[in-house]
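In what follows, a single structure is set out as structure tokens and then discussed.
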Amino acid sequence: MSLDYRRYLDETALPLMWCPGCGDGTILKALLEAFASLGLERERVVVVTGIGCWGKADDYIRTNAIHGTHGRALAVATGVKAYRPDLTVVALMGDGDCATIGGNHFIHAARRNIGITAVVSNNLNYGMTGGQFSGTTPAGSKTSTSPYGHAEDGFDLCRLADAAGANFVARTTAYHYRQMVRLIKEALLEPGFAMVEVASPCPTYYGRLNRQGSAREMWRSLKDRARSVGEEGGEARTGVAPGQRPDEEPRSKPADVIVTGVLVRRTRPDFAARYSDVCRRAMKEGGGEAQLDAR
Amino acid sequence: MAQTETKAGRFTARGPKGRPAGRVALTGNEAVALAMRQIEPDVVAAYPITPQTDIVQYFSSFVADGRVATEFVTVESEHSAMSATVGAAAAGARAMTATSANGLALMWEVLYIAAGSRLPIVMPVVNRALSAPINIHCDHSDAMGARDSAWIQLWSEDAQEAYDNVIQAVRIAEHPDVHLPVMVCLDGFIISHALMNLEVLPDEVVKDFVGSYRPDSSLLDPERPITVGPLDLYDFYFEHKRQQAEAMRAAAPVIREVAEDYETVSGRRYGDFDAYRLEDAHTAVVVLGSAAGTARFVVDELRRDGRRVGLLKPRVFRPFPGLELADALAGLDAVAVLDRSDSFSTMGGPLFAETRAALYQRAVGRANRKDSGPSSGSGPGNGRPLPITVNFIYGLGGRDIDPGDMRAVFSRLARVVETGDTGDVVNYLGVRE
């Protein structure tokens, strides 16, 4: 059953608060389109957000939603999913939220392989507070806290999720709308932890400070730099973060190439399955299996 | 980066012919950042949060432009910001950070470590409402949540006072009798983002005022190595807490002493609180922060109509100047305490609870001589019944408080005095219900 995405959109909250040229509006539509194409019941979806520009997405979504604190979207989502594994739980985070203040929750959600779909809008800086560098800001980038160039390297979020054990890891860009819908849809169907990283432009801060031209040019650059690995995926098949070059040397410009598509696909059993296994064993040894079944 | 340079240019307090000039137009955040530049701490560790971000942002441009020699660390959370500040201060550095709202809440654990380790950290707190629901505007729930953390709290009515408080805070925190951290509170957006013409001091005057920091003991002293914060069970923990309480008590005279010194360099006088037209008043409001400006305006207005009204604005909330404050209020018929946060005790907001406790303590005269000093049990109003006290919770989440609201508070006080009927003790001002 395919539904109109507007069913999930709170049109009374429009217009969107995001800056002109931001990718978040497109990501929002792709997410809702993915909900629609899977025919998800609004009542059985929980959207958890953190703090930041993309963290405001819950204002426009008509499913269950919780606006958490900064960096803790995955911690809150873990609680929801642990209690109600039957619900579709989605965490929306930016790079400040997911890769910086909440980095610990990110790696542990991936390690635990809990069935949450994380949709990360990566615009390489903290947009909401004025363009400070974040955990994904590439070395050399100018931000409002690194006016002479950033002295640290940024995370490759997909490699991080891969190393931590996520079942499904994919990357796309805000420009590649159809690919984005497909990847989010697939992530929503994954029983374990799934992360879709979306390279998104921030013309207001990152683009302006790094002389990346107009919003239009930033979008064109996403289009030109993307290289799809195809949809087949494969074990530990990872790529290059939007902010990083393939080599290890820190450089002063963002990556020439953004590797997109499904980068990791695993079949590890998810947290809910393994945890109920443990419960079953414990109840059996304690002689309470009948009780568990009765529940 | 032209914009940053222009911004930074505004911090150069130079008048005509290159003389240090007094008067500049700055936002509260700019004024605090300027004070931090003039203090030039050894270490600043910070994380962005609205509405504090500007302070550290401007400060980072001073670092980038080489105008301060501060080690500036941008960390990945406020918990890390306070932790790094604690580490730096323990190592003997003069260390600062700044935050707001949930940032302060995230620091919670480390606030106690800073105070318990007796580290003289200074932190501007740009007051903002706590989540949930999320809100970025002003109220005092953030700092009030930390009121029992053994941090000294100085509150500011405007950008001028915020600037002056930050400079004084360094001396207070580092005083050998005190050695406690200080937060300097200023109202989010109302003070932090509004422009004000204020008097600033020349750099060398501030540098001379704060002096250099030489702690008695620090981690990085190889001659006298120490450990900070190790396990301390029922054998000594209690004594250490008692010492903290004593340090907070000792802070009161130090705050006054530093204010006197500051007056000699700045010409501006600060007390524990500002008693405005209170001498012959029948009724008064007690209020912290920027709303005191609104109250002052309404007091003047009502005074022109012959109404005997006044204002008491605390500047020091920790330590709480309870006895002096009770002396100042004792002669009144009725007092309204305005709280920009709710304690949810159902007994009123935090400022109300403490003001009423101070009045009670004065009235029953149980304070011993050591506690109270010569003022207890004498002075105006002694022997008279206590003023009737009512509480108004106002302005949560940035809800505006205007002169009309303030007039309504004074009208209510007049009615209370006239009828003798207190009515509801805890009231919510300007809310839909």
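The values are calculated or read from the model by the stated rules, or taken from the named source; none is laboratory data. Remember, it's a predicted structure, so these values are computed and weren't measured experimentally. Please note: Cβ atoms are built from the backbone with ideal geometry, for glycine as well, and neighbour counts cover all protein chains shown.
Looking only at the stretch B:54-68, count how many residues are facing chain A (nearest Cβ under 9 Å), within 16 Å of B:Ala31 (Cα to Cα) and among the hydrophobic types (A, V, I, L, M, F, W, C).
Of the residues in that region, 1 qualify.
State the number of residues belonging to the stretch A:42-74 that are touching a residue at least 40 places away in the same chain (Cβ under 8 Å), touching a Ser or Thr at 6+ places or on another chain (Cβ under 8 Å), surrounded by fewer than 24 Cβ atoms within 10 Å (Cβ to Cβ) and outside any helix (DSSP H, G or I).
2
List the number of the failed condition for B:Asp148; all other conditions in (1) surrounded by fewer than 23 Cβ atoms within 10 Å (Cβ to Cβ); (2) closer than 17 Å to B:Leu288 by Cβ; (3) in contact (Cβ under 8 Å) with a residue 60 or more places away in the chain hold.
(3)
So, restricting to strands (runs of 3 or more DSSP E) that lie completely within the stretch B:144-225, which ones have at least 3 residues that are closer than 17 Å to B:Met82 by Cα and in the same structural domain as B:Ile255 (by TED's automatic domain parsing)?
Correct list: B:182-187.
Would you tally the residues in the stretch B:175-203 being of a type in the set (Asp, Glu) and buried (at least 24 other Cβ atoms within 10 Å of the Cβ)? Give the steps one after another, and end with the answer.
At the first step, the residues of the stretch B:175-203 found to be of a type in the set (Asp, Glu) are B:177, B:187, B:199, B:203.
Checking which are buried (at least 24 other Cβ atoms within 10 Å of the Cβ) leaves us with B:187.
Of the residues in the stretch B:175-203, 1 are of a type in the set (Asp, Glu) and buried (at least 24 other Cβ atoms within 10 Å of the Cβ).
Return yes or no: is A:Asp95 in contact (Cβ under 8 Å) with a residue 24 or more places away in the chain, within 12 Å of chain B (Cβ to nearest Cβ) and out of contact with any Pro (no Cβ under 6 Å at 6 or more places or on another chain)?
Taking the combined requirement at face value, the residue satisfies it.
Where residues in the stretch B:410-433 are among the aliphatic types (A, V, I, L, M) and touching a Ser or Thr at 6+ places or on another chain (Cβ under 9 Å), which of them is surrounded by the most Cβ atoms within 10 Å (Cβ to Cβ)?
Let us first name the residues in the stretch B:410-433 that are among the aliphatic types (A, V, I, L, M), namely B:413-414, B:416-417, B:425-426, B:429, B:431.
Now drop any that are not touching a Ser or Thr at 6+ places or on another chain (Cβ under 9 Å), which leaves B:413-414, B:416-417, B:425-426.
Working: B:Leu413: 24, B:Ala414: 17, B:Val416: 21, B:Val417: 16, B:Val425: 13, B:Val426: 17.
Ranking the qualifying residues of the stretch B:410-433, first place goes to B:Leu413.
If B:Phe62 meets every condition in (1) in contact with a strand residue (DSSP E or B) (Cβ under 7 Å, 6 or more places away or on another chain); (2) surrounded by fewer than 24 Cβ atoms within 10 Å (Cβ to Cβ); (3) touching a residue at least 24 places away in the same chain (Cβ under 8 Å) apart from one, which number is that one?
(1)
In this structure, does B:Arg94 turn out to be of a type in the set (Lys, Arg), within 24 Å of B:Gly271 (Cα to Cα) and touching a residue at least 60 places away in the same chain (Cβ under 8 Å)?
Taking the combined requirement at face value, the residue does not satisfy it.
Restricting the search to the stretch B:48-62, which residues are in a loop (DSSP other than H, G, I, E, B) and either out of contact with any helix residue (DSSP H, G or I) (no Cβ under 6 Å at 6 or more places or on another chain) or modelled with pLDDT under 95 (or both)?
Residues satisfying the conditions are B:Pro48, B:Thr50, B:Pro51, B:Gln52.
I'm trying to understand the selection: among the residues of the stretch A:126-170, which are within 9 Å of another protein chain (Cβ to nearest Cβ) and in a strand (DSSP E or B)?
Of everything in the stretch A:126-170, those that are within 9 Å of another protein chain (Cβ to nearest Cβ) and in a strand (DSSP E or B) turn out to be A:Tyr126, A:Gln132, A:Phe133, A:Ser146.
Among the residues of the stretch A:7-17, which ones are surrounded by fewer than 21 Cβ atoms within 10 Å (Cβ to Cβ) and in contact (Cβ under 8 Å) with a residue 12 or more places away in the chain?
The answer is A:Arg7, A:Leu9, A:Asp10, A:Ala13, A:Leu14, A:Leu16, A:Met17.
Taking interchain pairs and intrachain pairs at least six residues apart, which have beta carbon atoms under 8 angstrom, with the first residue in the stretch B:193-218 and closer than 23 Å to B:Asp54 by Cβ and the second among the hydroxyl-bearing types (Ser, Thr, Tyr)?
These pairs meet every condition: B:His193/B:Thr27; B:Ala194/B:Thr27; B:Leu195/B:Thr27; B:Met196/B:Thr27; B:Leu198/B:Tyr163; B:Glu199/B:Ser266; B:Val200/B:Tyr163; B:Leu201/B:Ser266.
Conditions first: (1) within 14 Å of chain B (Cβ to nearest Cβ); (2) under 20 Å from A:Thr78 (Cβ atoms); (3) buried (at least 21 other Cβ atoms within 10 Å of the Cβ). A:Ile107 passes all but one, so which condition is the exception?
Condition (3) is where A:Ile107 drops out.
Consider A:Arg268 against the criteria (1) part of a loop (DSSP other than H, G, I, E, B); (2) at pLDDT below 95: it satisfies all of them except one. Which criterion is unmet?
(2)
Any idea which of B:Arg249, B:Arg303 is over 21 Å from B:Phe392 (Cα atoms) and free of Cβ contacts under 8 Å to residues at least 40 places away in the same chain?
B:Arg303
Among the listed residues A:Asp58, A:Asp4, identify the single one that is charged (D, E, K, R) and at pLDDT 95 or above.
None of the others qualify; the one that does is A:Asp58.
Among what's in the stretch B:132-145 and is within 14 Å of chain A (Cβ to nearest Cβ) and either touching a helix residue (DSSP H, G or I) at 6+ places or on another chain (Cβ under 6 Å) or under 25 Å from B:Gly92 (Cβ atoms) (or both), pick the residue that is surrounded by the most Cβ atoms within 10 Å (Cβ to Cβ).
B:Asp142
Taking B:Val86, is it within 12 Å of A:Thr145 (Cβ to Cβ), more than 10 Å from every other protein chain (Cβ to nearest Cβ) and within 24 Å of the chain's Cα centre (by Cα)?
So B:Val86 fails the test.
Can you tell me which residue among B:Thr53, B:Thr85, B:Thr70, B:Thr97 is in the same structural domain as B:Gly188 (by TED's automatic domain parsing), closer than 21 Å to A:Cys98 by Cα and among the β-branched types (Val, Ile, Thr)?
B:Thr53 is the lone residue from the list that is in the same structural domain as B:Gly188 (by TED's automatic domain parsing), closer than 21 Å to A:Cys98 by Cα and among the β-branched types (Val, Ile, Thr).
Output the residues belonging to the stretch B:63-89 that are at pLDDT 95 or above, assigned to a helix (DSSP H, G or I) and not charged (D, E, K, R).
B:His79, B:Ser80, B:Ala81, B:Met82, B:Ser83, B:Ala84, B:Thr85, B:Val86, B:Gly87, B:Ala88, B:Ala89
Condition test on B:Asn102, is it surrounded by fewer than 24 Cβ atoms within 10 Å (Cβ to Cβ), modelled with pLDDT of 95 or more and either in contact with a Cys (Cβ under 9 Å, 6 or more places away or on another chain) or not in a helix (DSSP H, G or I) (or both)?
Here the answer is no, as B:Asn102 does not meet what is asked.
Determine which single condition A:Arg112 fails, assuming it passes every other condition in (1) closer than 20 Å to A:Tyr205 by Cβ; (2) over 15 Å from the mean Cα position of the chain (by Cα).
Failed condition: (1).
Would you confirm whether any residue within the stretch A:174-197 is of a type in the set (Ser, Thr, Tyr) and under 14 Å from the mean Cα position of the chain (by Cα)?
There is no residue in the stretch A:174-197 that is of a type in the set (Ser, Thr, Tyr) and under 14 Å from the mean Cα position of the chain (by Cα).
To keep it simple, each residue is scored yes or no on (1) in contact (Cβ under 8 Å) with a residue 12 or more places away in the chain; (2) more than 30 Å from A:Asp86 (Cα to Cα); (3) crowded, with 24+ Cβ neighbours inside 10 Å.
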site	(1), (2), (3)
A:Asn122	yes, no, yes
A:Gly130	yes, yes, no
A:Met180	yes, no, yes
A:Lys185	yes, no, no
A:Glu197	yes, no, yes
A:Tyr206	yes, yes, yes
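Can you find a residue that is within 14 Å of another protein chain (Cβ to nearest Cβ), surrounded by fewer than 23 Cβ atoms within 10 Å (Cβ to Cβ) and part of a helix (DSSP H, G or I) anywhere in the stretch B:105-124?
Yes: the stretch B:105-124 contains one or more residues that are within 14 Å of another protein chain (Cβ to nearest Cβ), surrounded by fewer than 23 Cβ atoms within 10 Å (Cβ to Cβ) and part of a helix (DSSP H, G or I).
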